[in-house]
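Read the structure below first, then the notes.
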Amino acid sequence: MDQEYQATVKKLVEEHGADNLMMIIGAPDVEGAELVAETVTEGDPSYAGPLAGVSLGLPVYHVLEPAIRAEISEDLYKEHLEMMAMVIDPQELETALSKYRKKS
Amino acid sequence: MTGPKVVIKQAAYILAHVPDLVRYGSKPEREIAAGRTELAELEKHLRSFDDAVAYPPNQVFIGNISPDDYADLQEPWHENLLRDKARYGPFGEIMPQDELYGIMKIWDQFDLIDLSPSFTSALNEQLAAHPLITAKDRERLGEGTPQEKIEKKVEKEKSLPLFHRGKLVGCINRAHDNDATLTAHVMLENLLTKVTGILVTRHLVRNASIEPEKIDYLLSCSEEAVGDRYNRGGGNMAKAIGEEAHCVNASGCDVKSFCAGTVLAIIHGAALISAGLFNEVIVVGGGSFSKIGMKFQGHMKHNMPILEDVLGGIAILLSTDDGASPVVNLASTGKHDISAGATAQAIYDALVIDPLQKLEMKITDVDKFAVELHNPEVTLPMGSGNVPLTNYKTIAAMAAMRGEIGREELSEFIRLRGMPGFSPTQGHIASAVPYLGHSLKLIADGKINNTLFAAKGSLFLGRMTHLADGVSFLLEKNSGKD
């Protein structure tokens, strides 16, 4: 996860508190989504960015996961997300990211 | 609505292997300075020139292997090297680092480069065997600068030392005492863009059997910022490249849009020809030095060689119709409008669906799609995903959503109309255009009829807009003179 995005997330958590925030990921593959999830829950795995050694424990979801999809209107979903749901399997995302939700 | 046909006659590609410059890449330099990476550790992961030449993706890039044959090769590629392959290929070459230092000296007009006498003398001999470096070029190597003087420049004058196989062989100097846009580091970036651009343009002109004097205009799509402190990024790299490539009757300018720049420049060049302004236009992109070693941490972590140790260069010759070369279809080019939205779906609607609809074509009427062709072996160890595969999945999903293929046919669609990535992660170099040389050949051989080239650019990186960019065109078999 880009170091500047890490800095932005860290600043937002300092301003609003981790309890008031949730991370919604839009990465185009499961591995990328997992990397972001790991960074904002346990800390930067590469130990290079502002979140190195910082466990924010934010709740993490991918925008294509069923729980988030239920919150999005059908029109918006069709326009922006339906196609990507064929590219990445939402079920696979849920399995991958739920690990990080259990830990947080 | 469009004018006369425009063809692409030739595409040339070069790589330059720069293991001793990896330490100066943006990411490695910052990590070394912060003490998070030991230079000695990094050096253990550098590849030899022979390994870089034998690396399958590099061989696809210079045209010695077709993307179809590449798809059948054993992975990981860095462990399955092709020892029978050469540094030269039908599209260009892979230049070793010492020769690259040589052309930096030859094409430096401002005393930016100093090379030691012994290194210079060995280089002079070595470069005599290069088919595109003339005796007149080699005269510009001079006698070399005494080693003590180089050491003094590095110590006292903020010159950046140049190493070859770990040994100090020269330096690059700042172009001004206190202008942050003319430091030795910036000059290194810009000079590397220029010399890789010149080298690939010389390959192009030779491969196309055209006299450089016939070229009317050059468009550089390189990603660098040439200028001094009053006009940082002002350009013009195109003319700097054209001058040393002997295009004496050409002028030129730069066309940029991050990674989308090359495809954008092709469309601009084609439009200039179709409008009747020019007959022969070269689009050229030199290497992007700051990206060297960008993902080195992932490679070291997985005990791999640092694969981002090559600069790329690409040059394309656009011409008026010759009745034979593949045609840039200007009746419908794809563009990503400001209001289009930034999701993958919105971008591919603009780059694939809209232009094909105007031509009354289906997605499955396109034989090959060229997308961002980043080598996945470079990106995956750093968690950046398999970029081409994600793009191909997106296009396949669009075809399925439109009922052109069944949902069970996605993998077959990708196998047939896509390809594994083979380009170095050099932004504008990697974006769709690495396939152009292969496409020209396959269309000429009657193996495919067309290719859709689609490139995207991350405009938001410059912090001026949150927008992305995208552009596309269809390259088609020539149906003969109109």
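The values are calculated or read from the model by the stated rules, or taken from the named source; none is laboratory data. Computed from a predicted structure; not experimentally measured. Cβ coordinates were reconstructed from backbone atoms using ideal geometry, including for glycine residues, and neighbour counts include every protein chain displayed.
Side notes on the structure shown:
- Residue within segment A:22-30 that is in contact (Cβ under 8 Å) with a residue 40 or more places away in the chain, surrounded by fewer than 17 Cβ atoms within 10 Å (Cβ to Cβ), touching a helix residue (DSSP H, G or I) at 6+ places or on another chain (Cβ under 8 Å) and away from every other protein chain (no Cβ under 13 Å) present: yes
- Of the set (1) farther than 30 Å from residue B:358 by Cα; (2) at pLDDT 95 or above, all apply to residue B:315 but (1).
- Count of segment A:33-45 residues, restricted to those that are without any contact (Cβ under 8 Å) to a residue 40 or more places away in the chain and touching a strand residue (DSSP E or B) at 6+ places or on another chain (Cβ under 8 Å), is 2.
- Search result, residues across segment B:234-260 that are outside any strand (DSSP E or B) and more than 19 Å from the chain's Cα centre (by Cα): B:234, B:243, B:246, B:247, B:248, B:249, B:250
- Residue within segment B:449-459 that is at pLDDT below 95 and hydroxyl-bearing (Ser, Thr, Tyr) present: yes
- Here B:145, B:134 are screened, and the one residue that is touching a Ser or Thr at 6+ places or on another chain (Cβ under 7 Å), assigned by TED's automatic domain parsing to the domain that holds residue B:204 and either β-branched (Val, Ile, Thr) or surrounded by fewer than 17 Cβ atoms within 10 Å (Cβ to Cβ) (or both) is B:145.
- Taking strands (runs of 3 or more DSSP E) as the structural unit, those lying wholly within segment B:71-172 and holding at least 3 residues that are within 21 Å of the chain's Cα centre (by Cα) correspond to B:92-95.
- Looking only at segment A:3-21, and only at residues there that are within 13 Å of chain B (Cβ to nearest Cβ) and either of a type in the set (S, T, N, Q) or touching a residue at least 12 places away in the same chain (Cβ under 8 Å) (or both), the one that is surrounded by the most Cβ atoms within 10 Å (Cβ to Cβ): A:3
- Filter result (within 9 Å of chain A (Cβ to nearest Cβ) and either surrounded by fewer than 21 Cβ atoms within 10 Å (Cβ to Cβ) or out of contact with any Leu (no Cβ under 6 Å at 6 or more places or on another chain) (or both)) within segment B:392-409: B:393, B:394, B:397, B:398, B:400, B:401, B:407
- Count of residues meeting criterion [facing chain B (nearest Cβ under 10 Å) and not aliphatic (A, V, I, L, M)] in segment A:31-63: 8
- Some residue of segment B:242-258 being within 14 Å of chain A (Cβ to nearest Cβ), out of contact with any Gly (no Cβ under 6 Å at 6 or more places or on another chain) and surrounded by 18 or more Cβ atoms within 10 Å (Cβ to Cβ): no
- Some residue of segment B:264-280 being farther than 23 Å from residue B:467 by Cβ, more than 21 Å from the chain's Cα centre (by Cα), part of a loop (DSSP other than H, G, I, E, B) and polar (S, T, N, Q): yes
- Looking only at segment B:447-461, and only at residues there that are out of contact with any Leu (no Cβ under 7 Å at 6 or more places or on another chain) and touching a residue at least 24 places away in the same chain (Cβ under 8 Å), the one that is surrounded by the most Cβ atoms within 10 Å (Cβ to Cβ): B:455
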